[in-house]
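Q: Mind looking over this structure? Questions follow.
The values are calculated or read from the model by the stated rules, or taken from the named source; none is laboratory data. All values derive from a computational prediction rather than experimental measurement. Areas reflect the complete protein model, heavy atoms only, side chains present, ligands, DNA and RNA absent. Shrake-Rupley method; radii C 1.70, N 1.55, O 1.52, S 1.80 Å.
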Amino acid sequence: MGRPRKFDSNQVLDIALKHFWTEGYTAVRLDDICHEAGITKPSLYNAFGDKNALYEATLKRYEALFQARVMAALASATSAEDAIKQYLYETVSILTDPALPKGCLRVKTLAECATTHPELVRVACQQRDRSLKAVAAMLIEYSQSSEKANELAELIVVLSDGLAASTQTDQSFQSLQRTVDLAYEAVKALL
């Protein structure tokens, strides 16, 4: 039986999250994560596996921390219109938080790893699918047909992904908020 871990796995994942989110999968060096976390590379490998497995665990940590905030905002909605607004506003809040890296780790994963790491893209797509299902379920709850709810959910998640991509160009909170307000008005007309 191996020795018990002497580090907090979530703390290591948070460090890895910061590096992967800021630098991208390819540019990250595991030595940098180990150094910042104060652990050895063998300890990192024993806890998480190889770089792909660490990245997959990091994507799951990202979802638990940030997608959960968006889902909570969605759950607090009182109408279909409010659900859309809450989802997009919370997305903008996360995307423009100066304490966080720019963009969205899931969107970055899809862009960077599409042709080189299909297993990571699979995890990112599963996260996207959960967002789609949650938005569609909320719209169905407020009397949208299943087909229309799925179409609107796709539009809303694509818009959210586009907002995430646009933060790479230093879009301000106010600029993204105006985009959301305009999109919200357009989507409202489709309800």
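Q: Can you give me the orientation-averaged projected area of the convex hull built on the Cα atoms of the range 1-136, in nm²?
A: On the way: hull surface 37.4 nm².
Here the figure is 9.3 nm², rounded to one decimal.
Q: Let me ask something additional. Would you mind telling me which residue in 169, 109, 91 has the biggest mean-square fluctuation in a Gaussian network model of the chain, where springs connect alpha carbons within a distance under 10 angstrom?
A: With Cα springs under 10 Å in the chain, the top fluctuation among 169, 109, 91 is at 169.
Q: Mind jotting down the distance between the C-alpha centroids of the range 60-139 and the range 142-191, whole Å?
A: 12 Å
Q: What residue among 120, 54, 65 has the largest mean-square fluctuation in a Gaussian network model of the chain, using Cα springs under 10 Å?
A: Highest fluctuation of the listed residues: 65.
Q: As a test of the formula, what do you get for the chain when each DSSP H run with n ≥ 4 contributes -39,500 (n - 2.57) and the sum is divided by the residue count, at 222 nm and rounded to the nearest 500 deg cm²/dmol? Intermediate values should be presented prior to the final figure.
A: Details: 10 runs with 139 residues, N = 191.
Only helices count here, giving -23500 deg cm²/dmol.
Q: From the phi of every residue in the range 98-113, what ³J(HN,Hα) in whole Hz does the Karplus formula 6.51 cos²θ - 1.76 cosθ + 1.60 yield, where θ is phi - 60° and glycine or proline is x?
A: Along the range 98-113, the couplings run x, 7, 10, x, 6, x, 10, 4, 5, 5, 4, 4, 4, 6, 7, 9 Hz.
Q: Let me ask something else. Using Cα pairs under 8 angstrom and six or more residues apart, how large is the relative contact order of the range 18-136, in percent?
A: On the way: 81 pairs, mean separation 34.6, N = 119.
Once normalised by length, the contact order is 29 percent.
Q: Over the range 54-134, what percent of the accessible surface lies on carbon and sulfur atoms, probe 1.4 Å? The partial results should precede the final answer.
A: Values: 1950 of 3370 Å².
Summing carbon and sulfur atoms, their accessible area is 58 percent of the total for the range 54-134.
Q: Can you list the lysines whose alpha carbon sits under 20 Å from that of residue 108, skipping same-chain ones fewer than 8 residues off?
A: Reachable lysines: 18, 51, 60.
Q: Next question, about the same structure. Just the number please: accessible area per residue for the range 89-150, 1.4 Å probe, all protein chains included, in Å².
A: Details: 3010 Å² over 62 residues.
Accessible surface, normalised per residue, equals 49 Å².
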